[in-house]
Amino acid sequence: MKKLKIILVIVLVVLVVWGFASYNQFVTLNQKIDSQWAQVETQYQRRFDLIPNLVKSAEGVMKQEKQVFSDLATARSQYAGAKTVDEKSAAASQLESSLGRLLVIVENYPQLKSNETVNKLMDELSGTENRIAVERKRFNEEVTTYNLSVIRFPKNILANLFGFKSRPFFQSSSEAQNAPQVNFNQ
């Protein structure tokens with residue numbers, strides 16, 4: 001009888017320690033996701049800081065492309081007002097669509113392509129886009145690790161008990177699959 005009590009106490013202690021360790025892992029993984037999203041936002045901010053300079057450099061040459069500039073400004077404002085990851089992701093996707101149209105315009109204007117300031121800004125923007133892609137990938141990797149921890153048995157029982165839910169992945173908008181269309185005949 002005494003051995004049974006000792007075994008039960010040991011099993012109980014192991015379960016409690018496992019529960020604390022699992023809880024701490026959920027918290028750590030959740031924080032890693034938030035931290036990685038902050039890295040994505042840092043790169044978005046870099047992009048948003050570069051865009052006005054590119055627009056100002058291009059505006060003087062392209063007076064008729066006011067709609068693209070307006071769309072970019074609107075998307076930047078929506079991102080600044082977004083509160084959730086999903087809202088920020090949607091605003092970033094809208095910005096990417098407008099930015100894609102601007103890049104097509106820049107490529108089609110020979111006087112812009114030869115402008116050194118525009119070329120430098122385009123290079124900076126290209127580097128930023130690569131950084132954003134890397135940070136998004138890292139974000140999705142962190143979400144994958146966390147989500148697997150939350151849904152795998154037996155930790156899923158503790159995750160539900162402590163209120164940890166799966167987190168959404170970053171997903172590009174459906175518009176990102178299509179190349180931007182620019183019509184100069186309007």
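Read-outs: derived from the displayed coordinates by stated rules, not from any lab. Everything numeric here is computed off the predicted structure, so don't read it as measured data. When we count neighbours, we look across all protein chains shown, and the Cβ atoms used for this are built from the backbone with ideal geometry, even at glycine.
A few comments on the model shown:
- Cβ crowding within 10 Å averaged over residues, with 94-100, 39-45, 165-171 ranked highest first: 94-100, 39-45, 165-171
- Going from the residue with the fewest nearby Cβ atoms within 10 Å to the one with the most, I105, I151 rank I151, I105.
- Pairwise FRET efficiency - S172 versus Q31, Cβ, R0 = 35 Å, nearest 0.05: 0.90
- Computed lengthening from N24 to Q78, 0.36 nm per intervening residue step minus Cα-Cα distance: 15.9 nm
- Given K32/K165; K137/K165; K56/K88, the pairs whose alpha carbons are separated by over 18 Å: K137/K165; K56/K88
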